[in-house]
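The block underneath contains the structure these notes are about, expressed in structure tokens.
The values are calculated or read from the model by the stated rules, or taken from the named source; none is laboratory data. All figures in this text were calculated on a predicted structure; none of them were measured in a lab. Positions of Cβ are generated from backbone atoms using ideal geometry, with glycine treated the same way; all protein chains shown enter the neighbour counts.
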């Protein structure tokens, strides 16, 4: 009986053993899953280069579209609840990555939903760096590293919004350093704080592209006969040294992307020739008006304010020769010319002059009237900053005296126009002179016809002496009227144009 009982126990044990083996044979997945879990736990932690273990491993199906891991907070209240937080700060001086994500489309995607309606600033992605070490710190760093061909963006920003929104695809509160090219459809402002860009002035095209390079003038140079190479007046830096003389034709526009520095003398040639007689060796020339209403009358100040372009090749009107009979030398003063300088910075410690010409003196052997002086020229300077310790002049020309004691003197030319446009225009110092020309100094006429009138500019020209037949009075010649200096102070001078 005892033997039979033991045999029965042996048979039951064998049956259980075979049954367990059959179960294992029927469920090989369990064994594979066990092996996979052990291998997973041995994978390197920290994304790359680490040797730690994953504390939690969640893997989704190869075919299902469900999200393997979801953290969601639907808190009702005003506390900042963090759905997912990663923290890694090793005690040693080695890397720590709070979160490491890999994706075929988005490695990391941050979104503030439309039902977030609080009246506060919101950030889809926010980076903050409080490191106190000596290395470089980045709030956010973007990097593209691929051999693929195409358009690659290290960081890409775009902004859209409702009507009236202020949109910034990128906003930086601090200096911005770019080591490669910058492409922009338009710069708002003069771009003067941008560096290492073509011309050195950011988006300002009015200061030129600097393609003529740096030039220093140390002798006597006449650009009216020998202009710069390739007739390129767009310099990077232009210096006229102390003692040097630069002559330019009327209507010259000089553009300097960085610094314009005049320590010498710049002479602007006359614009309109003076009135000449038919038998003058240079041929006759009529009375003509420059940038004026009439040859004798100037525009008012508010009209002059918007003249800022050198498409005006002439400045002051010419002076009249007067009624001089057949004197071949009779000639009114020429009108002063025009010079415009646009530069990032303008410094003048020398002299810039665009003066009207004096009326020619009649031959002493003849009994002739005096000629009128020409109107002063135009000098327009546009720069981010202007410094003047020298002289800028646009003087009216003087009328000449009659050669006889009974004839009439010429009138003085009107003073010219100086316009300073910069961020510091109202505080520019130095000498700014637009003094009118004086009348001829001979005796007041008592017979004959008339002396030549002075040409207008920013100031009216002075009348030549004449005999007023209606009142039977002899009217003496008059001085011209002084010109105008305008200072326009604007934060972005480069954009100033008419």
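Only residues that are within 27 Å of residue 271 (Cβ to Cβ), out of contact with any helix residue (DSSP H, G or I) (no Cβ under 8 Å at 6 or more places or on another chain) and in a loop (DSSP other than H, G, I, E, B) were counted across the range 206-240, and they come to 9. For the range 439-447, check the following and say yes or no: at least one residue is surrounded by fewer than 24 Cβ atoms within 10 Å (Cβ to Cβ) and touching a helix residue (DSSP H, G or I) at 6+ places or on another chain (Cβ under 6 Å). The answer is no, given that none of the residues of the range 439-447 is surrounded by fewer than 24 Cβ atoms within 10 Å (Cβ to Cβ) and touching a helix residue (DSSP H, G or I) at 6+ places or on another chain (Cβ under 6 Å).
This table checks each residue for (1) modelled with pLDDT of 80 or more; (2) within 21 Å of residue 249 (Cβ to Cβ); (3) outside any loop (DSSP other than H, G, I, E, B); (4) touching a strand residue (DSSP E or B) at 6+ places or on another chain (Cβ under 6 Å).
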position: 278; (1), (2), (3), (4): no, no, no, no
position: 287; (1), (2), (3), (4): yes, no, no, no
position: 303; (1), (2), (3), (4): no, no, yes, no
position: 315; (1), (2), (3), (4): yes, yes, no, yes
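Output yes when any residue across the range 126-141 is in contact (Cβ under 8 Å) with a residue 24 or more places away in the chain, over 30 Å from residue 77 (Cβ atoms) and surrounded by 10 or more Cβ atoms within 10 Å (Cβ to Cβ), and no when none is. Looking for residues that are in contact (Cβ under 8 Å) with a residue 24 or more places away in the chain, over 30 Å from residue 77 (Cβ atoms) and surrounded by 10 or more Cβ atoms within 10 Å (Cβ to Cβ), one finds none in the range 126-141, hence no. Taking the conditions (1) in a loop (DSSP other than H, G, I, E, B); (2) closer than 30 Å to residue 176 by Cα; (3) at pLDDT 95 or above in turn, residue 203 satisfies each one other than (3). All conditions but one from (1) under 23 Å from residue 378 (Cβ atoms); (2) in a strand (DSSP E or B); (3) at pLDDT below 95 apply to residue 247; the one that does not is (3).
Table: residues versus (1) in a loop (DSSP other than H, G, I, E, B); (2) surrounded by 24 or more Cβ atoms within 10 Å (Cβ to Cβ); (3) without any contact (Cβ under 8 Å) to a residue 60 or more places away in the chain; (4) in contact with a helix residue (DSSP H, G or I) (Cβ under 7 Å, 6 or more places away or on another chain).
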site: 336; (1), (2), (3), (4): yes, yes, no, no
site: 342; (1), (2), (3), (4): no, yes, no, no
site: 358; (1), (2), (3), (4): yes, yes, no, no
site: 372; (1), (2), (3), (4): yes, yes, no, no
site: 383; (1), (2), (3), (4): no, yes, no, yes
site: 398; (1), (2), (3), (4): yes, yes, no, no
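Consider residue 420 carefully, then state whether it is surrounded by 19 or more Cβ atoms within 10 Å (Cβ to Cβ) and in contact with a strand residue (DSSP E or B) (Cβ under 6 Å, 6 or more places away or on another chain). Even if it seems obvious, please write down each step before you answer.
Values: surrounded by 19 or more Cβ atoms within 10 Å (Cβ to Cβ): yes; in contact with a strand residue (DSSP E or B) (Cβ under 6 Å, 6 or more places away or on another chain): yes.
Spelling it out, residue 420 is indeed surrounded by 19 or more Cβ atoms within 10 Å (Cβ to Cβ) and in contact with a strand residue (DSSP E or B) (Cβ under 6 Å, 6 or more places away or on another chain).
Regarding residue 425, is this residue closer than 21 Å to residue 303 by Cα and surrounded by fewer than 24 Cβ atoms within 10 Å (Cβ to Cβ)? Full working, then the answer.
Values: closer than 21 Å to residue 303 by Cα: yes; surrounded by fewer than 24 Cβ atoms within 10 Å (Cβ to Cβ): yes.
Yes: the conditions hold for residue 425.
Anything in the range 385-396 that is part of a loop (DSSP other than H, G, I, E, B) and either surrounded by fewer than 24 Cβ atoms within 10 Å (Cβ to Cβ) or on the phi > 0 side of the Ramachandran plot (or both)? List them, or say none.
Within the range 385-396, the subset part of a loop (DSSP other than H, G, I, E, B) is 389-390, 394-396.
Selection gives 389, 390.
Of the residues in the range 159-171, none is within 20 Å of residue 104 (Cα to Cα) and in a loop (DSSP other than H, G, I, E, B). Could you please let me know if residue 458 is under 16 Å from residue 334 (Cα atoms), touching a residue at least 12 places away in the same chain (Cβ under 8 Å) and touching a strand residue (DSSP E or B) at 6+ places or on another chain (Cβ under 6 Å)? When the stated conditions are applied, residue 458 passes them. Residues of the range 239-252 that are touching a residue at least 40 places away in the same chain (Cβ under 8 Å) and within 17 Å of residue 213 (Cα to Cα): 240 alone.
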